[in-house]
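Below is one structure, written out as structure tokens; comments come after it.
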Amino acid sequence: MTAEHWTSAQARSIALAAAGLTNRSAPHSATEVLGQLGAVQLDTISVLARSHELVHHARVDGLTRKDIEAALWASPPHSFEYWSHAACVLPLADYHLFAFRRRWFARRGERWHGAPAQRTLNNIVKRLADGPVTTTDLGRAKKSGEWWDWSASKIGLEWLLDIGELTVTRRVGWRRTYDLAERAIPTALLHDDLDDHACH
């Protein structure tokens with residue numbers, strides 16, 4: 001039967017199974033959730049729990065926050081954080097498929113905050129030579145209490161993440177831990193030679 005012959009009930013059943021929301025298709029662990037979905041969106045909003053935790057709780061009974069954090073931010077890593085349709089945790093095996101987006105950011109030449117100063121970028125990379133950092137390690141994330149009034153170091157970190165010089169494979173609490181991509185990503189995935197069409 002082809003898609004144009006599905007009833008509404010059949011289409012709904014297929015969609016729920018693909019999302020891992022039926023007894024037959026449900027993943028058995030937090031690690032399997034990411035593998036099945038291919039991306040889990042991150043969000044700062046937290047009511048009952050953060051949105052990425054709710055995605056897991058809806059699919060696997062009995063998970064604790066510690067289980068979810070351990071699955072998403074494992075060591076050695078099997079996932080990374082980057083821009084998919086939004087800020088997401090993605091399977092590490094897909095890292096090379098986001099070359100198109102890293103190139104797009106590099107061509108654009110800036111974040112929405114403007115281009116980071118080269119001196120700031122140099123200082124960040126020099127600091128990262130000693131190991132991964134959070135924004136707290138570099139001072140702070142914001143200049144003021146305003147949500148998007150980021151410090152120069154936060155803008156620099158995010159820009160280097162955007163273009164693929166840095167990556168995030170774990171968080172400490174809710175803070176991103178930035179690392180040099182060449183240190184955190186397996187060499188086999190660290191290439192950007194796929195053209196945009198192949199990435200898509």
ask   = Name the helices (runs of 4 or more DSSP H) wholly within the stretch 1-79 that hold at least 2 residues that are within 22 Å of Thr169 (Cβ to Cβ)?
value = 30-37, 51-57, 65-72
query = What number of residues in the stretch 164-200 are under 27 Å from Thr44 (Cβ atoms), open to solvent by less than 90 Å² (accessible area, probe 1.4 Å) and assigned to a loop (DSSP other than H, G, I, E, B)?
reply = 4
remark   = The lone condition Arg111 fails out of (1) touching a His at 6+ places or on another chain (Cβ under 9 Å); (2) touching a residue at least 40 places away in the same chain (Cβ under 8 Å) is (1)
inquiry  = Need the failing condition index for Ile45 against (1) of a type in the set (Val, Ile, Thr); (2) touching a helix residue (DSSP H, G or I) at 6+ places or on another chain (Cβ under 7 Å); (3) open to solvent by less than 80 Å² (accessible area, probe 1.4 Å), just the number.
reply    = (3)
Given (1) among the polar types (S, T, N, Q); (2) assigned to a helix (DSSP H, G or I); (3) modelled with pLDDT of 90 or more, index of the condition Ser153 fails = (3)
task = Determine, yes or no, whether Arg103 is part of a helix (DSSP H, G or I), more than 24 Å from Leu72 (Cα to Cα) and out of contact with any helix residue (DSSP H, G or I) (no Cβ under 8 Å at 6 or more places or on another chain).
result = no
Matching residues, the stretch 107-138, being in a helix (DSSP H, G or I) and open to solvent by less than 70 Å² (accessible area, probe 1.4 Å) = Thr120, Leu121, Ile124, Val125, Leu128, Thr135, Leu138
key: Residue list for the stretch 4-32, filter: crowded, with 16+ Cβ neighbours inside 10 Å and either modelled with pLDDT of 90 or more or not aliphatic (A, V, I, L, M) (or both)   = Gly20, Pro27, Thr31, Glu32
Any hit, the stretch 62-84, residues being buried (at least 20 other Cβ atoms within 10 Å of the Cβ), in contact with a Leu (Cβ under 6 Å, 6 or more places away or on another chain) and over 14 Å from Thr167 (Cβ atoms) = no
ask   = Among the numbered criteria (1) aliphatic (A, V, I, L, M); (2) within 27 Å of His197 (Cα to Cα); (3) at pLDDT below 90; (4) open to solvent by 60 Å² or more (accessible area, probe 1.4 Å), which single criterion is violated by Ala93?
value = (3)
task = List every residue pair whose Cβ atoms sit under 9 Å apart, with the two residues 6 or more apart in sequence or on different chains, where the first one lies in the stretch 71-88 and is without any contact (Cβ under 8 Å) to a residue 40 or more places away in the chain and the second, anywhere, is part of a loop (DSSP other than H, G, I, E, B) and open to solvent by 20 Å² or more (accessible area, probe 1.4 Å).
result = Pro76/Pro186
query = Could you say whether any residue in the stretch 98-106 is open to solvent by 80 Å² or more (accessible area, probe 1.4 Å) and either of a type in the set (S, T, N, Q) or modelled with pLDDT of 85 or more (or both)?
reply = yes
task = Name the residue, out of Ile68, Ile124, Ile45, that is free of Cβ contacts under 8 Å to residues at least 12 places away in the same chain and of a type in the set (A, V, I, L, M).
result = Ile45
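The values are calculated or read from the model by the stated rules, or taken from the named source; none is laboratory data. Bear in mind the structure is a predicted one, so any value in this text is a computation, not a measurement. Positions of Cβ are generated from backbone atoms using ideal geometry, with glycine treated the same way; all protein chains shown enter the neighbour counts. Accessible surface areas use protein heavy atoms only, side chains included; no ligands, DNA or RNA. Shrake-Rupley method; radii C 1.70, N 1.55, O 1.52, S 1.80 Å.
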